[in-house]
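The values are calculated or read from the model by the stated rules, or taken from the named source; none is laboratory data. Nothing here was measured: the structure is a model prediction, and the numbers come from that model. Cβ sites come from the backbone with ideal geometry, for glycine too, and all protein chains shown count toward neighbours. Remember, those area values only see protein heavy atoms, side chains included, never the ligands or the DNA or RNA. Shrake-Rupley method; radii C 1.70, N 1.55, O 1.52, S 1.80 Å.
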Amino acid sequence: MLIQKLRLQRGWSQEQLAELSGLSVRTIQRLERGQTASVESLKALGAAFEIDFSHLKEPEMNTTGNPASPNPVTKSQSISPDETLALAHVRKLKGFYIHLAQYTIVIALLTIVNLVTSPHYFWVLWIAAGWGVGVLFHGLRVFDKVPFLSAEVERLGVEKYLGRKL
(Lines give C-alpha, C1' and ligand atoms only; values in the text may rest on other atoms or scores of the structure.)
Protein backbone atom coordinates (compact mmCIF):
# COMPACT_ATOMS: atom_id res chain seq x y z
CA MET A 1 0.00 0.00 0.00
CA LEU A 2 2.91 2.37 0.66
CA ILE A 3 4.13 2.01 -2.93
CA GLN A 4 0.67 2.81 -4.26
CA LYS A 5 0.39 5.85 -1.98
CA LEU A 6 3.77 7.21 -3.07
CA ARG A 7 2.88 6.59 -6.72
CA LEU A 8 -0.48 8.35 -6.46
CA GLN A 9 0.99 11.28 -4.54
CA ARG A 10 3.25 11.89 -7.51
CA GLY A 11 0.37 11.45 -9.96
CA TRP A 12 2.04 8.50 -11.69
CA SER A 13 0.24 5.59 -13.29
CA GLN A 14 1.43 2.03 -12.70
CA GLU A 15 2.84 2.08 -16.21
CA GLN A 16 4.80 5.26 -15.52
CA LEU A 17 6.22 3.82 -12.29
CA ALA A 18 7.15 0.62 -14.12
CA GLU A 19 8.93 2.68 -16.78
CA LEU A 20 10.78 4.79 -14.20
CA SER A 21 11.82 1.84 -12.07
CA GLY A 22 12.56 -0.65 -14.83
CA LEU A 23 10.13 -3.17 -13.33
CA SER A 24 7.18 -4.72 -15.10
CA VAL A 25 3.66 -3.38 -14.65
CA ARG A 26 2.69 -6.81 -13.30
CA THR A 27 5.35 -6.53 -10.58
CA ILE A 28 4.06 -3.08 -9.59
CA GLN A 29 0.52 -4.49 -9.39
CA ARG A 30 1.64 -7.39 -7.21
CA LEU A 31 3.56 -5.14 -4.85
CA GLU A 32 0.63 -2.74 -4.52
CA ARG A 33 -1.57 -5.69 -3.54
CA GLY A 34 0.82 -6.44 -0.69
CA GLN A 35 2.98 -9.25 -2.02
CA THR A 36 6.54 -9.37 -0.72
CA ALA A 37 9.09 -7.50 -2.82
CA SER A 38 12.64 -8.60 -3.53
CA VAL A 39 15.51 -6.37 -2.50
CA GLU A 40 16.21 -5.64 -6.19
CA SER A 41 12.62 -4.49 -6.72
CA LEU A 42 12.74 -2.31 -3.62
CA LYS A 43 16.02 -0.75 -4.77
CA ALA A 44 14.54 0.00 -8.21
CA LEU A 45 11.45 1.57 -6.62
CA GLY A 46 13.58 3.50 -4.14
CA ALA A 47 15.55 4.99 -7.03
CA ALA A 48 12.33 5.94 -8.84
CA PHE A 49 10.85 7.57 -5.73
CA GLU A 50 14.25 9.00 -4.74
CA ILE A 51 14.10 7.50 -1.25
CA ASP A 52 16.10 4.85 0.59
CA PHE A 53 14.68 1.46 -0.37
CA SER A 54 14.46 0.40 3.29
CA HIS A 55 11.68 2.98 3.74
CA LEU A 56 9.54 1.15 1.18
CA LYS A 57 8.99 -1.82 3.46
CA GLU A 58 5.67 -1.89 5.24
CA PRO A 59 5.98 -0.95 8.94
CA GLU A 60 5.32 -4.45 10.22
CA MET A 61 8.06 -5.79 7.95
CA ASN A 62 10.68 -3.17 8.87
CA THR A 63 13.27 -4.97 10.99
CA THR A 64 15.63 -2.06 11.54
CA GLY A 65 13.30 -0.24 13.93
CA ASN A 66 15.41 2.88 13.80
CA PRO A 67 13.08 5.72 14.84
CA ALA A 68 15.86 8.29 14.46
CA SER A 69 16.25 7.63 10.74
CA PRO A 70 16.59 10.74 8.61
CA ASN A 71 14.06 12.01 6.11
CA PRO A 72 13.81 9.34 3.40
CA VAL A 73 14.06 11.83 0.54
CA THR A 74 17.67 12.16 -0.49
CA LYS A 75 18.83 15.67 -1.26
CA SER A 76 21.89 14.47 -3.17
CA GLN A 77 19.85 13.47 -6.20
CA SER A 78 20.39 15.90 -9.05
CA ILE A 79 17.21 14.95 -10.95
CA SER A 80 13.85 16.09 -9.62
CA PRO A 81 10.77 13.84 -9.84
CA ASP A 82 9.39 16.05 -12.62
CA GLU A 83 12.61 15.67 -14.59
CA THR A 84 12.55 11.91 -14.03
CA LEU A 85 8.99 11.76 -15.31
CA ALA A 86 9.94 13.90 -18.32
CA LEU A 87 12.84 11.58 -19.10
CA ALA A 88 10.52 8.57 -18.92
CA HIS A 89 8.09 10.30 -21.28
CA VAL A 90 10.90 11.01 -23.75
CA ARG A 91 11.88 7.32 -23.57
CA LYS A 92 8.28 6.40 -24.37
CA LEU A 93 8.30 8.80 -27.34
CA LYS A 94 11.54 7.28 -28.57
CA GLY A 95 10.05 3.80 -28.25
CA PHE A 96 6.99 4.84 -30.23
CA TYR A 97 9.05 6.40 -33.03
CA ILE A 98 11.23 3.29 -33.22
CA HIS A 99 8.07 1.18 -33.42
CA LEU A 100 6.70 3.43 -36.18
CA ALA A 101 9.98 3.24 -38.14
CA GLN A 102 10.05 -0.56 -37.84
CA TYR A 103 6.46 -0.72 -39.05
CA THR A 104 7.20 1.52 -42.03
CA ILE A 105 10.33 -0.36 -43.10
CA VAL A 106 8.87 -3.85 -42.70
CA ILE A 107 5.59 -2.98 -44.44
CA ALA A 108 7.54 -1.37 -47.31
CA LEU A 109 9.67 -4.51 -47.70
CA LEU A 110 6.62 -6.77 -47.49
CA THR A 111 4.87 -4.64 -50.11
CA ILE A 112 7.80 -5.18 -52.48
CA VAL A 113 7.71 -8.94 -51.78
CA ASN A 114 3.94 -8.93 -52.30
CA LEU A 115 4.22 -7.12 -55.66
CA VAL A 116 6.97 -9.47 -56.88
CA THR A 117 5.40 -12.76 -55.75
CA SER A 118 1.67 -12.23 -56.18
CA PRO A 119 0.73 -8.86 -57.71
CA HIS A 120 -2.88 -9.95 -58.22
CA TYR A 121 -3.60 -10.23 -54.45
CA PHE A 122 -2.55 -7.61 -51.89
CA TRP A 123 -2.06 -9.81 -48.83
CA VAL A 124 0.27 -7.19 -47.32
CA LEU A 125 -2.78 -5.07 -46.47
CA TRP A 126 -3.83 -7.59 -43.81
CA ILE A 127 -0.44 -7.37 -42.14
CA ALA A 128 -0.34 -3.59 -42.43
CA ALA A 129 -3.83 -3.27 -40.93
CA GLY A 130 -3.16 -5.62 -38.01
CA TRP A 131 0.19 -4.15 -37.08
CA GLY A 132 -1.11 -0.65 -37.81
CA VAL A 133 -3.74 -1.04 -35.10
CA GLY A 134 -0.93 -1.88 -32.67
CA VAL A 135 1.04 1.20 -33.74
CA LEU A 136 -2.09 3.33 -33.40
CA PHE A 137 -2.77 2.18 -29.82
CA HIS A 138 0.90 2.60 -28.94
CA GLY A 139 0.73 6.20 -30.20
CA LEU A 140 -2.52 6.90 -28.35
CA ARG A 141 -0.99 5.67 -25.14
CA VAL A 142 2.29 7.57 -25.53
CA PHE A 143 0.55 10.83 -26.42
CA ASP A 144 -1.97 10.28 -23.58
CA LYS A 145 -5.02 10.38 -25.84
CA VAL A 146 -6.85 7.60 -24.00
CA PRO A 147 -8.43 9.52 -21.11
CA PHE A 148 -9.56 6.55 -19.02
CA LEU A 149 -5.98 5.20 -18.80
CA SER A 150 -4.29 8.35 -17.49
CA ALA A 151 -2.71 8.74 -14.07
CA GLU A 152 -4.97 11.73 -13.38
CA VAL A 153 -8.12 9.62 -13.73
CA GLU A 154 -6.60 6.98 -11.44
CA ARG A 155 -5.73 9.60 -8.81
CA LEU A 156 -9.21 11.16 -9.00
CA GLY A 157 -10.79 7.74 -8.54
CA VAL A 158 -8.76 7.10 -5.41
CA GLU A 159 -9.59 10.55 -4.04
CA LYS A 160 -13.30 9.95 -4.71
CA TYR A 161 -13.17 6.58 -2.98
CA LEU A 162 -11.32 8.00 0.03
CA GLY A 163 -13.41 11.16 0.12
CA ARG A 164 -10.33 13.36 0.44
CA LYS A 165 -7.46 14.83 -1.55
CA LEU A 166 -4.16 12.98 -1.78
Condition met for residue 159 (charged (D, E, K, R), open to solvent by less than 40 Å² (accessible area, probe 1.4 Å) and modelled with pLDDT under 90): yes
Positions within the stretch 87-112 being open to solvent by less than 50 Å² (accessible area, probe 1.4 Å) and either under 14 Å from residue 49 (Cα atoms) or of a type outside the set (Gly, Ala, Ser) (or both), in sequence order: 88, 93, 96, 99, 103, 107, 110, 111
Selected residue (only one of 134, 130 is modelled with pLDDT of 85 or more, open to solvent by less than 80 Å² (accessible area, probe 1.4 Å), within 27 Å of residue 21 (Cα to Cα) and under 26 Å from the mean Cα position of the chain (by Cα)): 134
Residue count for the stretch 137-146, restricted to those that are in a loop (DSSP other than H, G, I, E, B) and either open to solvent by less than 80 Å² (accessible area, probe 1.4 Å) or β-branched (Val, Ile, Thr) (or both): 1
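Every residue, every condition in (1) in contact (Cβ under 8 Å) with a residue 60 or more places away in the chain; (2) over 30 Å from residue 3 (Cα atoms), yes or no:
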residue	(1), (2)
91	yes, no
118	no, yes
143	no, no
153	no, no
Any chance residue 99 is outside any helix (DSSP H, G or I) and free of Cβ contacts under 8 Å to residues at least 60 places away in the same chain: no
The stretch 115-158: number of residues that are under 30 Å from residue 8 (Cβ atoms) and among the aliphatic types (A, V, I, L, M): 9
Residues of the stretch 16-61 that turn out to be among the acidic types (Asp, Glu), crowded, with 16+ Cβ neighbours inside 10 Å and modelled with pLDDT of 85 or more, as a count: 1
